[in-house]
Amino acid sequence: MSTRPPYLPFTEGPWRMTMGLLAMKPQDWIEIDREYESYLAEKRRLLAERRDAVFATLPGSEAATRELQDNLAGFLAERFPERFRLEGRLLRRLTDGEAWDLDDPSEHPLARAGLWVQEDFCVLESAGPGEPYVLTAATLSFPTRWKLADKIGRPLLAIHAPVPGYAERLGRPVDRFFEKLAPERPVWRINWSLTDEPTLFQPEGHGRKEADPSITAENAGERVWLRVERQTLRRLPSSGAVIFGIRIYRHPLSSLAAAPEAAGHLARWLGELPEDLARYKSLPVFGVAARAYLQKLACVEA
């Protein structure tokens, strides 16, 4: 039986589109698990082979990206002393001896920092009070069906424009939250998707309409994957930039055999999603099969 996923956002009650923000202890910003080496190897490969697809910055983001790098280096040395040590302006990873000069001009501070952790980072900045927050820089190796090139330089509302219902339900609350977020009060939330492949780098795939007949209620446990984003939001104290962290977890749907109650909640949610949002999430490809499989796990009569 598959290991139970660490994050299961499926709860009792009907599905609702909400921000779902929770207070986060500062020490919980970054998570490291047994897949650390494989995630970092994939990040290095993507940065070398597809840099323009996974890394972007705009002029004017230099202060924020350097502050993020320095903040992260200090955090890692303090939070994971068995893995990292800060030696002046040199961050050393103790597990393999690799070291990074934080002032090395041959690499961008944000690209460098992205190779230390499994999280991706998006930097959002505002020109001033009442002005929208704009994506000014990002290291994004593991997108869930979106392209960095389509989002860089755009404000929050435009970034989320393809998401059905976002503008009406979440647009203004999200903008207000960004304006009020305090450096000492970071938050986190969970987002989820179902996909038919476990690949970490998934810039494509929204809005697929054709059902895949090869995915059935019998094999959906291995053919469909639960992809969870642990998203963190924190404000940098000096630059004022908001750092949006994205940590991907992916598990075959069969992993919910260890959490039948969550399987039942997800099955119900799949039946309650608005049609336009279901299409956006590409559920026509495998949603019927996945729901039937989940109902079996939960011992719910289909």
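Could you give the dipole magnitude of the chain about its Cα centre, charging the beta-carbon of Lys and Arg +1 and that of Asp and Glu -1, in debye to the nearest 20? It would help to have the intermediate numbers written out before the result.
Working: 41 positive and 43 negative charges, 95 e Å.
So the dipole magnitude of the chain works out to roughly 460 debye.
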Out of residues 5 or more away from residue 94 or on other chains, whose amide H comes under 5 Å of its own, with H placed 1.01 Å from N in the peptide plane?
84, 85
Solvent-accessible area, 1.4 Å probe, carbon plus sulfur percent, for the chain:
52 percent
Amide H proximity to residue 133 below 5 Å, modelled H, separation 5+ or other chain, gives 156
What number comes out for accessible area per residue over the chain if the probe is 1.4 Å? Units Å², please.
47 Å²
Looking only at aspartates and glutamates whose Cα falls under 18 Å of residue 147's and that sit 8 or more positions away or on another chain, we get 42, 49, 52, 119, 120, 197, 204, 229
By how many nm would the segment from residue 17 to residue 214 lengthen if fully extended, with 0.36 nm per residue of separation less the alpha-carbon distance?
67.8 nm
Using θ = phi - 60° and the Karplus relation 6.51 cos²θ - 1.76 cosθ + 1.60, list the HN-Hα couplings for region 59-65 in order, rounded to whole Hz, with x at every Gly or Pro.
x, x, 8, 4, 5, 5, 5
Step through the residues of region 236-247 one at a time and calculate ³J(HN,Hα) from phi using the Karplus curve (6.51 cos²θ - 1.76 cosθ + 1.60, θ = phi - 60°), rounding each to whole Hz and writing x for Gly and Pro.
6, x, 8, 7, x, 5, 9, 9, 9, x, 10, 10
Whole-Hz Karplus couplings 3J(HN,Hα) for region 27-41, θ = phi - 60° and coefficients 6.51, -1.76, 1.60, Gly and Pro as x, run 6, 9, 4, 10, 10, 10, 9, 5, 8, 3, 5, 5, 4, 5, 5
Under 30 Å from residue 151, Cα to Cα: lysines that are on another chain or at least 8 residues apart
25, 43, 180, 209, 281
If I ignore ligands, DNA and RNA and count only protein heavy atoms, how much of residue 7 is accessible to a 1.4 Å probe, in Å² to the nearest 10?
40 Å²
Determine how large the accessible area of residue 134 is when every protein chain is in place; take a 1.4 Å probe and give Å² rounded to the nearest 10.
30 Å²
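Cβ neighbours within 10 Å, averaged per peptide: list 202-209, 20-27 in order, most packed at the top. Can you show the working numbers first?
On the way: 202-209: 15.2, 20-27: 11.6.
Those peptides, ordered most packed to least, come out 202-209, 20-27.
The values are calculated or read from the model by the stated rules, or taken from the named source; none is laboratory data. Computed from a predicted model, the values in this text were never measured in an experiment. Counting neighbours? That spans all protein chains shown, and the Cβs are built from the backbone with ideal geometry, glycine included. Remember, those area values only see protein heavy atoms, side chains included, never the ligands or the DNA or RNA. Shrake-Rupley method; radii C 1.70, N 1.55, O 1.52, S 1.80 Å.
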